[in-house]
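Please treat every number below as a calculation from the coordinates, not as lab data. Note that the coordinates shown come from a computational prediction; the quantities given were computed from them, not determined experimentally. Every residue, glycine among them, receives a Cβ derived from its backbone with ideal geometry; neighbour counts consider all protein chains shown.
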Amino acid sequence: MKKIVILGAGCGGTMMANKLRRDLDPDDWSITIIDKDNVHYYQPGFLFVPFDINTPKEIRKSKREFLPTGVNFVISELVNVDWDKQEVTTATKGKFKYDILLMSTGCDIRPEEIEGLPDAWNKSAFGFYRYDDCQEMRKALKKFDGGKLVVNIAEMPIKCPVAPLEFAFLALSLLCPAPLPSRWQPVF
Ligand SMILES: Cc1cc2nc3c(=O)[nH]c(=O)nc-3n(C[C@H](O)[C@H](O)[C@H](O)COP(=O)(O)OP(=O)(O)OC[C@H]3O[C@@H](n4cnc5c(N)ncnc54)[C@H](O)[C@@H]3O)c2cc1C
């Protein structure tokens, strides 16, 4: 029996687990997917929570729900990959040997790496790229009663390059309801 281990049960890992379980004979291949938790976030929804288009509850599901039977789901933090031994170590569930390893651990934002930003975070500077942050952003927009709103991309790469632009349009329609200034009128 050959072993496939997938690291990360986010979008990429979950799609691969579904496709591979369909395509590969379970008598020949075992599939194990490892993630630190069982919470799936529909991340594009983070953009919509500040504007009450999605509720936080709507965009939070169980990861297991999206994994097919015949895939072994291990919930534990990944701590090491030994490339020579072809072995993954987890924090609490031991080691897993693999013949093929798929890495799909995604990327995350790090506001704390931008000088000065941690002091302002969730006070005058907000983000919408994480579950808790988008809810703080929602609260801030509710309280915003005028002034300047600046959309800043501190550093690339980011998960969704188009989301800041979408955010600007949504904020415009929330804060400057129609009639819009003439320069913002859509042209068909
Ligand atoms: C605001 C926003 C808007 C977006 N809009 C769109 C859109 O409109 N269209 C689109 O296509 N995409 C959009 N995206 C991007 C999309 O959500 C990501 O591209 C996608 O989720 C990436 O999938 P992934 O599997 O690579 O990573 P993720 O889905 O982030 O999964 C990574 C997984 O790895 C796990 N993991 C990481 N490190 C460890 C570890 N050490 N141990 C155990 N587990 C670990 C995490 O828990 C997580 O479950 C958006 C993202 C955001 C934030």
Diffing the range 43-49: the Karplus 3J(HN,Hα) column from phi (6.51, -1.76, 1.60, θ = phi - 60°), in whole Hz with x for Gly and Pro, holds 5, x, x, 4, 5, 8, 4
Note to self, the chain gives a 222 nm [θ] from helices alone (DSSP H runs n ≥ 4, -39500 (n - 2.57) apiece, / all residues, nearest 500) of -7000 deg cm²/dmol
Measuring from the longest principal axis of the C-alpha atoms of the chain, the long axis of helix 131-143 (C-alpha) lies at a number of degrees, nearest 10, equal to 10 degrees
The ratio Rg/Rh over the Cα atoms of the chain, Rh being the Kirkwood inverse mean 1/r radius, stands at 1.08
When the charge dipole of the chain is computed with +1 on Lys and Arg Cβ and -1 on Asp and Glu Cβ about the Cα centre, the Cα farthest towards its positive end, among Val49, Pro177, Met1, belongs to Pro177
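How much length is gained if the chain between Asp84 and Lys148 is pulled fully straight, taking 0.36 nm per residue apart and subtracting their Cα-Cα distance, in nm to one decimal? Working shown, then result.
On the way: separation 64, 0.36 × 64 = 23.04 nm, distance 5.42 nm.
Taking Asp84 through Lys148 to full extension adds about 17.6 nm, to one decimal.
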Per its Cα gyration tensor (rounded if a/c is under 1.5, else prolate when a/b beats b/c, else oblate), the range 111-174 is best filed as oblate
Relative contact order of the chain (C-alpha contacts under 8 Å, at least 6 apart) in percent is 23 percent
So the angle from the long Cα axis of helix 163-175 to the longest Cα principal axis of the chain, reported in degrees to the nearest 10, equals 40 degrees
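How big is the charge dipole of the chain about its Cα centre, in debye rounded to the nearest 20, if each Lys and Arg gets +1 on its Cβ and each Asp and Glu gets -1 on its Cβ? List each step's numbers first, then the result.
On the way: 25 positive and 25 negative charges, 104 e Å.
Here the size comes out at about 500 debye.
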Once the in-chain neighbours fewer than 8 apart are removed, the lysines whose Cα is under 25 Å from Lys57 read Lys36, Lys123, Lys139, Lys142, Lys143, Lys159
Computed over the chain: longest principal axis from alpha-carbon atoms vs helix 11-23 long axis, angle to nearest 10 degrees, is 40 degrees
The lysines whose Cα lies under 19 Å from the Cα of Lys19, excluding any fewer than 8 residues away in the same chain, are Lys2, Lys3, Lys63
Residues Ser62, Ser173, Ser76 in order from fewest to most other beta-carbon atoms within 10 Å are Ser62, Ser173, Ser76
